[in-house]
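The values are calculated or read from the model by the stated rules, or taken from the named source; none is laboratory data. Bear in mind that the values here come from a model prediction, so they are computed numbers and not experimental data. Here Cβ is always computed from backbone atoms with ideal geometry, including for glycine, and neighbour counts include all displayed protein chains. Side chains included, ligands, DNA and RNA excluded: accessible areas come from the protein's heavy atoms. Shrake-Rupley method; radii C 1.70, N 1.55, O 1.52, S 1.80 Å.
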Amino acid sequence: MHEVIQGVQGDPTVYLNGQFLPLSKATVSVLDRGFIFGDGIYEVVPVYWGRPFRMKEHLDRLERSLAKIELQQPMPRAQLEQLVFDLLERSDLRDDLSMVYMQVTRGVAKRDHPFPVPAVKPTLFAMVAPFVRPTEAVRTQGLSAISVPDERWLHCDIKSVSLLGNVLAKQAAIRAGVDEVIQFRDGWLTEGSSCNIWVVHDGCVYAPPKNNLVLEGIRYGFLEELCAAQGLSYVLEPISREQVVMADELMLTSATREVLPIVRLDDQPIAQGRPGPVYTRLRQAYDDRVLALRRND
Ligand code: PMP
């Protein structure tokens, strides 16, 4: 198969500024503010068998990110939703598992820090990429992590394309031979490199508050629902490093990793070093909700 870009199979159809075109033909100016300043935001919607999962919540977050960086909506909500379906329709993955990646930047203008005046058209890019659900081995063996200081900025609630802090944190995990980092700011838990972190104590599920120090994953709301349905308490409050180390269970969530157990931190086991009962219940509940999408023809 024709390999266009390292790791990308074939030449999938993508969307760029009003056009559907092959990935190999989709180009933006080097003066795009996304390229020059990282001045843009993005979103990732998981898609199961052609059905976007919690799309409303993802598009709500996209709109919140846009508002927080004072960027105009590239198109009305209904059109954006339609774009997701139109892209899926054109994708080889239309009946499979995939994710829709969307990115909006402040557009192309002379390199200058202030927002362009008058405003220029934002750049809107979207593509479908394959999504592989976590394997049985990962689900049952769990993941390992290291703790690192959170060295990012103070607007982690914005799903910004400026991901250098997250990229360097993830690379630290790779270098250490583990799966993920758990970041702490002044000794308090924030999140992983591209996931939220959950702590279980005495059967209760805890996560850091939704504030400017973490990205509010769409799974914050989803886990709240699953916990309610399972009769598990769900508490958002500051979590210290000690509480993380002493946890009965640790978990991470993200659109693509769904919910997974973290069983080792800094080379020490968390509790018995095995996925725990709360994880197992949430995992099952997560799977049930995903499989219901398949049956819903
Ligand atoms: N935090 C960060 C920094 C992330 O990049 C992600 C992945 N988007 C998450 C948390 C989890 O968010 P979600 O559940 O919406 O994938």
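Could you look through the stretch 167-178, keep only residues that are surrounded by fewer than 24 Cβ atoms within 10 Å (Cβ to Cβ) and within 15 Å of the ligand (Cβ to nearest atom), and pick out the one that is nearest to Ile262 (Cα to Cα)?
Here the residue is Ala173.
Yes or no, residue by residue, for (1) away from the ligand (no atom under 16 Å from the Cβ); (2) in a loop (DSSP other than H, G, I, E, B); (3) hydrophobic (A, V, I, L, M, F, W, C):
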{"residue": "Ala229", "(1), (2), (3)": "yes, no, yes"}
{"residue": "Leu232", "(1), (2), (3)": "yes, yes, yes"}
{"residue": "Glu242", "(1), (2), (3)": "yes, no, no"}
{"residue": "Met251", "(1), (2), (3)": "no, no, yes"}
{"residue": "Thr256", "(1), (2), (3)": "no, yes, no"}
{"residue": "Val263", "(1), (2), (3)": "yes, no, yes"}
{"residue": "Ala271", "(1), (2), (3)": "yes, yes, yes"}
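For Ala255, are the conditions met, namely being modelled with pLDDT of 95 or more, closer than 17 Å to Ile146 by Cα and buried (at least 20 other Cβ atoms within 10 Å of the Cβ)?
Judged against the criteria, Ala255 is not a match.
Residue-wise test of (1) assigned by TED's automatic domain parsing to the domain that holds Val161; (2) within 12 Å of the ligand (Cβ to nearest atom); (3) more than 17 Å from Arg257 (Cα to Cα).
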site: Phe53; (1), (2), (3): no, yes, no
site: Lys56; (1), (2), (3): no, no, yes
site: Arg77; (1), (2), (3): no, no, yes
site: Leu80; (1), (2), (3): no, no, yes
site: Asp96; (1), (2), (3): no, no, no
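Just to be sure I understand, how many residues within the stretch 180-191 are within 15 Å of the ligand (Cβ to nearest atom) and either in the same structural domain as His58 (by TED's automatic domain parsing) or open to solvent by 20 Å² or more (accessible area, probe 1.4 Å) (or both)?
Here the count works out to 1.
Going through the stretch 192-210 one residue at a time, which ones are over 18 Å from Gly142 (Cβ atoms) and either more than 13 Å from the ligand (Cβ to nearest atom) or in contact with a Gly (Cβ under 8 Å, 6 or more places away or on another chain) (or both)?
Across the stretch 192-210, the qualifying residues are Asp202, Gly203, Cys204, Tyr206, Pro209.
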